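Structure first, then comments.
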Amino acid sequence: MRLNKRLGIETVIVSGIFILLLTVWNVVQGMVLTLQHVPQGTQLPTSGAPSQVDFGHVASGSGLMIALSVGGTFLFAMAYYVIRSYIAGKSKR
């Protein structure tokens, strides 16, 4: 099997966009949760996000989670490349 350079670059770009969108989604979701959170016994703030938030935990970047994230991204990229190669091969025939 011969690797297609253009398709490989496209795969890297699509994987990067996927990671970027996932990161942006997590940030926006965290902002929305922070804005909607009301600590017990306090009134709603008049405007903006509260300066202190009293929920959640600090996630540590364990080696297993990093390996799973990198592996998942690699599998996504492989699947994308294989599917695009198959579609490109079918359209040439």
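The values are calculated or read from the model by the stated rules, or taken from the named source; none is laboratory data. The structure presented is a predicted model; accordingly, all values stated were derived computationally and were not measured. A quick note on method: Cβ atoms are made from the backbone with ideal geometry, for glycine too, and the neighbour counts reach across all protein chains shown. SASA here: full protein model, heavy atoms, side chains in, ligands and nucleic acids out. Shrake-Rupley method; radii C 1.70, N 1.55, O 1.52, S 1.80 Å.
Open to solvent by 90 Å² or more (accessible area, probe 1.4 Å) and either under 14 Å from PHE76 (Cα atoms) or modelled with pLDDT under 85 (or both): which single residue out of VAL12, VAL38 fits that description?
Residue meeting the stated conditions: VAL12.
Which pairs do you get when a residue that is under 17 Å from VAL70 (Cβ atoms) and among the hydrophobic types (A, V, I, L, M, F, W, C), found in the range 6-23, comes within reach of a residue that is open to solvent by less than 80 Å² (accessible area, probe 1.4 Å) and part of a helix (DSSP H, G or I), reach meaning Cβ atoms under 7 angstrom, with the pair 6+ apart or on two chains?
So the pair list comes out as VAL14/TYR80; PHE18/PHE76; ILE19/THR73.
Of everything in the range 58-73 that's closer than 23 Å to ILE17 by Cα and at pLDDT below 85, which residue is least open to solvent (accessible area, probe 1.4 Å)?
GLY61
Of the residues that make up the range 78-87, is at least one at pLDDT 85 or above, open to solvent by 70 Å² or more (accessible area, probe 1.4 Å) and either under 14 Å from VAL12 (Cβ atoms) or part of a loop (DSSP other than H, G, I, E, B) (or both)?
Within the range 78-87, one or more residues are at pLDDT 85 or above, open to solvent by 70 Å² or more (accessible area, probe 1.4 Å) and either under 14 Å from VAL12 (Cβ atoms) or part of a loop (DSSP other than H, G, I, E, B) (or both).
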